[in-house]
Each structure stands twice: as structure tokens, then as C-alpha cells.
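This report concerns only the one structure given below.
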Amino acid sequence: MEEKDFFSKSADSKYAKRIGKFTRVKESAIKFFFAVNGAMALIFIILIFIFLFKEGFKALEHIGLLDFLFFDRADASGIHQKVFEWYPTSEEARYSLVPLLLGTLLTAIPATIISTLLGVGTGIYLSEVANPKLKEFLKPAIELFAGIPTVVLGFIMLAVGASFFNDLLNPTNRLNAFVASIGLSFVIIPIIASLTEDALHSIPNDLRMASYGLGATKWQTVSRVILPAAFSGVSASIILGFGRAIGETMIVLMCAGNAANITADIFLSVRTMTATIAAEMGEVSQGSDHYYALFFIGIVLFTITFFLNLAAEIIISKMRKKNTF
Amino acid sequence: MKETKIAVKDLSLYYGDKQALKDINIDIPEKRVTAFIGPSGCGKSTFLRVLNRMNDLIDHVKIDGEVYIDGVNIYDKSLDIVNLRKNVGMVFQKSNLFPKTVYENIVYGPRLNGIRDKKLLDEIVEKTLNQAAIWDEAKDRLNENALSLSGGQQQRLCIARALAVEPEIILMDEPASALDPISTAKIEELIHELKLNYTIVIVTHNMQQAARVSDQTAFFYLGELIEYDRTTKIFTNPAKKQTEDYVTGRFG
């Protein structure tokens, strides 16, 4: 038998199979398809971003930055007075964002406080107390809750919740910041609960064992070891919840009463930035000062939520790094 | 002969349907070092956790039998498990310090017991760090994150943390298995000193270590206690064939 040269290439080897041209074209077509998809999503976001800022900054040409703070009213005797009002359709149009900002904060902050108490509590229950089978059912159920269309929650609060709290607390206005913040809590509690559970669950079991081994009770272990170790994750969940509360529209539009009051009274009607855009954008004439003013509100909202989300992202990524012991 | 500290009677443990420990009977003397040896999965670590009821934290674990510490059955239904764990300290295989400062790690246990006096806490920190032979290395780093210490230092800090709650018994689950030889030697030296005041039970897969540190050795195999005797006897003249095969390295 003829001995083969070690270095000669053999064409009949089972490693000699070549890729067909069709396969190669198909592969690159698939690659191209997904690359275009990814790029499209990104391009749309950038375009929206550019449009928002382009339209919003035009407001500064028409209205001026200070007019977004207050309106300088001079009466007959020549005395100037600063007026913080949002009356964009008045003959003497006033564009102060102060009542809208206050309205947003007066709904978002109570909602965040309520949701922090209940959401973090739920997260602790899911991660540390509930038995695994119950948790497997409860966690998706709670996350599903966050997916209920907010218009439905708004409607429920409007039809049932507002009357209930009206009878219970007898507020100044039937629709007020408090009712809206309760409605907002339905959306934010699941967010905070789910993210808190993630943060607590990521704490290594070793730490729990160390604590129990030293004679700690469950509650001592949670409050002195687990919660402090997961502090950054839990606070990130609260920040994200707050961002969502500021950006949420339907619930505050339906339940907050929509009067642009300057107040710290939670039982008065307020008007949020989001509700203002939603209520007025459909009826404004394009290109008017009012139109640009609404876009400017959009910029303010976008900036606030952007930085809140950024802060939360930074905290969460730091937490991930820290937890790799 | 020293007095019996821990007496285990007919102890069986089940994970679900699977029996992990079979009718264990053993008497552990006080202020001595008792080593548990055996191949992986033989139940020695599981048995160690029986002694401070750590297995209660795992789902589907069922335990039959009795464990007496100073004559009290720790599996009595009305027994305060938290109090039990204060008296039976534990050091784990992997150091599991809290992500806090060195100081905070040590005072964690005393604080659980309601000690608030700063001066007293300071004394406890110095005393236990000295006991764990890490005072010289750690005294200038008390306010640093404990996780910034080296692996061997962290493990000795874990021992110091366990000592701070003043237990009578210390359970050690392969405390040196993740450490380099020098750190291991330090831990072993420490065990020698600690046995003057504490009853120590140590699980180890390192037979030389068992021979060096322990006074008596128990050999576990497939969930059974095969042989339990003075360490010198186990390693030089074991009564059972399985023990001899294991300690001479023929299996395991």
C-alpha cells in the first residue's frame, strides 16, 4: 500500500466540506436584517429626541426662560407683581411651570412614599419570607399588575376610589393629589417590589447563614445584614419608581382634578406636567406659543426622568459589581 | 476523661425521601477538638449543622433522634433556636464576613445580645481579635471594609466574630479548605489555643489536618458513623477495614 505524504492535503477528508454560496448569502442577509432592525429602533429614538428638543427650544425664542417661571404683571399704578400661573390660552398668556411642577411633585412624592413602604415590604416578603412555591406564583402576579393599562387604573380610581376617599376623608376637592397618588401607587408598588426582590435575592446566602449562625433572628438578619447590603439596589428601585410616578399620565389626568393650583395641600386639585401635555396638545394650534410651551414641558419632563433613570442605572451597575465577592 | 459536652442518640436525617444520616450515636467531650472525616457526600458537614440546627433553614429536611448539649435535648420543640446558636458558634468553609467594617463584623453578635456600651464593645473587639490571633494585623484596619483583608485574615476574622458572642462550642466546616498552607497553619495553631476554653468540632477533608489538630476523630461513610476513637488510634490502628482504606488513601 502506498504511504501518503504527511503534508499532502487530502480532498476526501471529512474536514474538507465547503460552505455553499447560497448559505453564505443567507447568513449575511440574516445578519443584515437584524442589524437594520437594531439600527431602526435607535434611529427612531434619536429622531424623537431631536424633534422634542428642536420644538421645545423654539419656545425660548417665543416665550423666554423667565416667563416659564413667572409672569411679570404691571397694574395700572405701575406696581409690578410676579404671578405664578399657567394660563396659556388667556389673552394675557401666562406660562409659569411652577404650578405644574408642584402638581407633579405633589402627586409623585406621596405616591413614592406609599409605594416605598408597601413595595419594599412586599419585596422583603417575596425574597426572605415567602416559601419558594408561593413566590413562584406571587412574583409574576405582582409584575403582571404593573402591566394593567393605566387608563383602567385611572378609571377605577375616578369611579370608585375618589368617592371612597371623598366619604372617608372629606377633602376640599373630590379629585385631588391624594387620590391621584393612590392611583399612581398601584403602578409603582409592583415596580419597587419586583426590583427590591431582585436586589435582596442577589445577596449571597452565605451572609444569611453567617447571621443566623451568630444567633440572629430572621428580622434581625433582614434589617441588619440583608437590607444594608442591598441598600443600593433598593434605593435604585425607589428612584425608578419615582421616575415612573413623574412620567405617568393617564392616572393623574383622570384623578388629580387638573386645576393648576399652587399648593402644598394634598387634598386640593392639582395639574401635573404630563396631564397638561396630554390635555392641551390635541387642541393647540400648531406653531403657536402655547404649542412650543407644551414641548418645553416635554423637555423638562424628559430631563428629569432621564437623570433619575441614569442615577438608578449607575447605582444598579455598581451594585452588580460589588456583589461579586 | 473529660466530661461529655454533646451526646447524640440515634440521629437520622432525611432530605425529602433520601436518608442522609443513619442512626448516628456519638459523645463529644468538652474542651477537646473532635474531627469529622470522610469522603465528599458522606454527611459529615450535614451532621455538623445538626449540632446548631442550621439544617432547620433548609426546606424538606426531617430529623429523627436526639441531640443533648449539657443534658438538654436541642431538638425539643419548645427550645429557643436563636439562643442555641448563640452558644454554638459556627465557622463556615468560605469566609462569609458582612460587607461592613472589621469592627462592625465583630460587634454584630454582641449587639444582637443588646450590648450598646461603646467601651465594652471596644473591649470585646480587642479581646476576640487577640484570641483569634489577628489583632496585630487588624488593629489599624478596624474601620476598613472587612472584605479588603486577605483570605486567611478573613477566615480568622470569622473565627473572631464567632468568639465574640461567647459560645461554648465552635463548629468549623472545613475552615481552611480555601486557604494557602501558611494561613492554614495559623488556623490550626489557633484551634490548638482555643481548645483550652472551647469545645471544637471540625469537619475536614484533609486527613493530615485532622491528625494534627484533633484529639478524637470520627469517620463517616455514606451517612453512617463508621468509627469513632482517639485520633492516634484512627490513624495508626483503625478497627474497621473501611476506615483503614480511607486513612491510607485507598479510596475517597
Task: Residue list for region A:89-113, filter: touching a Leu at 6+ places or on another chain (Cβ under 8 Å) and either surrounded by fewer than 18 Cβ atoms within 10 Å (Cβ to Cβ) or farther than 14 Å from A:A245 by Cα (or both) - done: A:S96, A:L97, A:V98
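With respect to A:S237, is the statement that it is small (G, A, S) and either assigned to a helix (DSSP H, G or I) or touching a residue at least 12 places away in the same chain (Cβ under 8 Å) (or both) true? If you could, list the steps in order and put the result at the bottom.
Details: small (G, A, S): yes; either assigned to a helix (DSSP H, G or I) or touching a residue at least 12 places away in the same chain (Cβ under 8 Å) (or both): yes.
In short, yes.
One line per residue, one yes/no per condition, for (1) over 23 Å from A:I246 (Cα atoms); (2) buried (at least 23 other Cβ atoms within 10 Å of the Cβ):
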site: A:F164; (1), (2): yes, no
site: A:L168; (1), (2): yes, no
site: A:N173; (1), (2): no, no
site: A:V179; (1), (2): no, yes
site: A:I182; (1), (2): no, no
site: A:S185; (1), (2): no, yes
Task: Unique residue being crowded, with 16+ Cβ neighbours inside 10 Å, in contact with a helix residue (DSSP H, G or I) (Cβ under 7 Å, 6 or more places away or on another chain) and basic (K, R) when the list is B:K44, B:K100, B:K86, B:K5 - done: B:K100
TODO: Identify the residue in region B:27-86 that is assigned to a helix (DSSP H, G or I) and basic (K, R) and, among all such residues, is nearest to A:N205 (Cα to Cα).
DONE: B:R49
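If you check B:L48 against the conditions, is it free of Cβ contacts under 8 Å to residues at least 40 places away in the same chain, within 16 Å of B:L171 (Cβ to Cβ) and within 14 Å of chain A (Cβ to nearest Cβ)? Even if it seems obvious, please write down each step before you answer.
Numbers: free of Cβ contacts under 8 Å to residues at least 40 places away in the same chain: no; within 16 Å of B:L171 (Cβ to Cβ): yes; within 14 Å of chain A (Cβ to nearest Cβ): yes.
When the stated conditions are applied, B:L48 does not pass them.
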Task: Selection count where residues are under 21 Å from A:L207 (Cβ atoms) and outside any loop (DSSP other than H, G, I, E, B), scope region B:147-171 - done: 17
Task: Those residues of region A:217-240 which are over 13 Å from A:S317 (Cα atoms), among the aliphatic types (A, V, I, L, M) and within 11 Å of chain B (Cβ to nearest Cβ), in sequence order - done: A:V225, A:I226, A:A229
Open item on the list: For region B:8-41, which positions are surrounded by fewer than 21 Cβ atoms within 10 Å (Cβ to Cβ) and on the phi > 0 side of the Ramachandran plot?
Closed with: B:D10, B:G16, B:D23, B:K31, B:G41
TODO: Please determine, by comparing only the residues of region B:221-240 that are in contact with a strand residue (DSSP E or B) (Cβ under 6 Å, 6 or more places away or on another chain) and either within 16 Å of B:V33 (Cβ to Cβ) or of a type in the set (F, W, Y) (or both), which one is surrounded by the most Cβ atoms within 10 Å (Cβ to Cβ).
DONE: B:I234
- [ ] Quick one: which residue in A:T116, A:T122 is surrounded by 22 or more Cβ atoms within 10 Å (Cβ to Cβ) and either over 24 Å from A:A260 (Cβ atoms) or within 14 Å of chain B (Cβ to nearest Cβ) (or both)?
- [x] A:T122
- [ ] Filter region B:65-80 down to the residues that are surrounded by fewer than 17 Cβ atoms within 10 Å (Cβ to Cβ) and within 14 Å of chain A (Cβ to nearest Cβ), then identify the one that is farthest from A:M209 (Cα to Cα).
- [x] B:L79
Task: Condition broken by B:L179, with the remaining ones in (1) surrounded by 15 or more Cβ atoms within 10 Å (Cβ to Cβ); (2) not in a loop (DSSP other than H, G, I, E, B) satisfied - done: (2)
- [ ] Test A:L175 against the criterion of being in a loop (DSSP other than H, G, I, E, B) and under 22 Å from A:T263 (Cβ atoms), and give yes or no.
- [x] yes
- [ ] Taking the residues in region A:203-212 that are closer than 13 Å to B:N105 by Cα and within 7 Å of chain B (Cβ to nearest Cβ) as candidates, determine which candidate is surrounded by the most Cβ atoms within 10 Å (Cβ to Cβ).
- [x] A:A210
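With the condition being at pLDDT 95 or above, at the interface with chain A (Cβ under 10 Å from one of its Cβ atoms) and touching a His at 6+ places or on another chain (Cβ under 7 Å), I'd like the helices (runs of 4 or more DSSP H) fully within region B:88-146 carrying at least 3 qualifying residues.
On the way: elements: B:102-112, B:118-131, B:135-138.
Per the criteria, no element qualifies.
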Task: Boolean, A:I203 is of a type in the set (A, V, I, L, M, F, W, C) and in a helix (DSSP H, G or I) - done: no
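The values are calculated or read from the model by the stated rules, or taken from the named source; none is laboratory data. Predicted model, so just to flag it, every value in this text is computed and none were measured. A quick note on method: Cβ atoms are made from the backbone with ideal geometry, for glycine too, and the neighbour counts reach across all protein chains shown.
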